[in-house]
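As C-alpha cells, the structure follows; a few thoughts come after it.
The values are calculated or read from the model by the stated rules, or taken from the named source; none is laboratory data. Note that this is a predicted model, so its numbers are computed, not measured. Cβ placement follows ideal geometry from the backbone for every residue including glycine, while neighbour counts extend to all protein chains displayed.
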Amino acid sequence: MSKMFLQRKKLISENRRELRIFLIGLYLTLKAFCKGYFMHAERFEFCRDVIVLVSEETPAEYVRHLEERNYDYHIVGKKHVNLERSLELLSEKYGIKTVLADTGRILGNLLLNQGFVNEISLLVHPVIVGTTSYNMFSLANKNTKLKLCKKETMEKDCVWLVYTLEH
C-alpha cells in the first residue's frame, strides 16, 4: 500500500463527517465508458454517491441502463458534455466546490484547455517507457507555466510532484 494512499485514508477518516465523495462519470463514447464501471467503483470504501453527466446524444440504451440502476444523471450538453455547465450543476445541486479529476489525456486536457485546472499532481516512476508511451499533455492548446509547490519521494523511488498553474 502506498504512503500517499495511507495519508489520504487517514485524512478521510479524520474528516469523515465533513467529507462526501461522489463518483462522477462523463459519458464520452461507448468505447470509452463501460456499463459495469459504476457497479465496481461503488464498492470503494468512501464512495457511495454516483452522478453521471451525459449529453443529448448519449445513446438511449445507456440512459436506460442508468435509470434501471437509479443512478443520478444529468443531460448537460447537446453533442458533448458541457464541462462548464457540469461544474456549475455539481456546485449548485450537490454543493461540490472541489473536483479531483483522476483522469487520462482527453478529459485532463479538456479541463486544462477550458481553464478549470489550478493544480496538477504527477507521479514520476523510475521507468523509461519508450515508444509505448504517450504525451499526457499532447492535446493542451497552449504552453502553461507551472510552479512547484510540493515534492515527495514515495516508495519504490517514485516521486510525487504537485504544481500550481501560473495564469
| message | Condition first: farther than 13 Å from L112 by Cβ, out of contact with any helix residue (DSSP H, G or I) (no Cβ under 9 Å at 6 or more places or on another chain) and not acidic (D, E). Now tell me which residues in the stretch 146-157 satisfy that. | response | K147, L148, C149, K150, K151, T153, K156
| So which residues in the stretch 120-156 are β-branched (V, I, T) and surrounded by 10 or more Cβ atoms within 10 Å (Cβ to Cβ)? | I120, V124, T144, T153
| query | Would you pick out the residues in the stretch 95-131 that are of a type in the set (V, I, T) and under 29 Å from H80 (Cα atoms)? | reply | I96, T98, V99, T103, I106, V117, I120
| Looking only at the stretch 95-152, which residues are assigned to a loop (DSSP other than H, G, I, E, B), among the polar types (S, T, N, Q) and in contact with a Leu (Cβ under 7 Å, 6 or more places away or on another chain)? | Q114, N118, T144
| said: Give me the residue from the stretch 61-77 that is part of a loop (DSSP other than H, G, I, E, B) and modelled with pLDDT of 85 or more and, out of that set, surrounded by the most Cβ atoms within 10 Å (Cβ to Cβ). | reply: V76
| Checking T58 against (1) within 18 Å of L107 (Cα to Cα); (2) surrounded by fewer than 16 Cβ atoms within 10 Å (Cβ to Cβ), which test does it fail? | (2)
| Only one of T132, T164 is β-branched (V, I, T) and more than 20 Å from the chain's Cα centre (by Cα); which? | T132
